[in-house]
Amino acid sequence: MNANVEQATAASMSIQGSTDAGRSSTLEPKLPPVTQVGMLSLALIVIGVIYLSAHLPQAVPLGPAIALLAASAMLLAGNLFFLMRVEDFHRARFFQVGKWALLAYAITAGLIEFVFVRNGVSGGALVVLTLSLVIYAVHVPVLIAFTVARYD
């Protein structure tokens with residue numbers, strides 16, 4: 001008899017736990033994997049910048065770096081597209097936080113760009129590095145703003 005009581009108790013706790021989990025998942029909006037995609041995008045940028053930096057100051061084959069940059073840009077565009085399609089997302093808080101983070105990261109990207117120019121990087125390598133900095137300066141604030149807005 002005692003074993004039956006334990007089984008019934010375990011079954012009711014299991015049902016209760018799944019009901020509680022069901023309730024919490026319906027209260028929160030279903031969010032796309034913004035953080036994971038953002039980190040993948042930034043990893044591609046880092047790989048591309050390391051690739052370019054390893055070849056400087058000699059001539060740099062730009063094909064791999066451009067491919068990584070294009071993949072990262074597509075991930076950023078997809079991230080923004082799917083994030084803006086979420087219905088119950090706190091966009092006001094997202095943009096409030098995002099604009100200040102964007103300002104801060106635009107300044108850091110500008111300083112890094114200055115270093116590239118000051119060190120004599122030019123041509124296609126400079127274009128790819130500049131566009132990589134743009135992806136960095138946009139995607140990091142998106143991640144910061146998303147993290148704040150999702151818990152608001």
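The values are calculated or read from the model by the stated rules, or taken from the named source; none is laboratory data. Note that the coordinates shown come from a computational prediction; the quantities given were computed from them, not determined experimentally. Neighbour counts are summed over all protein chains in view; Cβ atoms, including those assigned to glycine, are modelled from backbone coordinates with ideal geometry. The accessibility values were calculated without ligands, DNA or RNA, using every heavy atom of the protein model including side chains. Shrake-Rupley method; radii C 1.70, N 1.55, O 1.52, S 1.80 Å.
Structure notes:
- For the pair His55 and Arg85, a Förster radius of 30 Å applied to the C-beta separation gives a FRET efficiency near 0.15, rounded to the nearest 0.05.
- Point-to-point label distance, Ala106-Asn119, nm (Cα→Cβ direction, 7 Å offset): 2.5 nm
- For the pair Leu40 and Tyr151, a Förster radius of 25 Å applied to the C-beta separation gives a FRET efficiency near 0.65, rounded to the nearest 0.05.
- Evaluated at q = 0.14, 0.31 Å⁻¹, a Debye calculation over the C-alpha positions of segment 103-152 (equal weights, vacuum) places log10 I(q)/I(0) at -0.42, -1.10.
- Using a probe of 1.4 angstrom and keeping all protein chains present, the accessible surface of segment 78-125 works out to 70 square angstrom per residue.
- Computed from the C-beta positions of Ala70 and Lys99, the FRET efficiency with R₀ = 22 Å rounds to 0.25.
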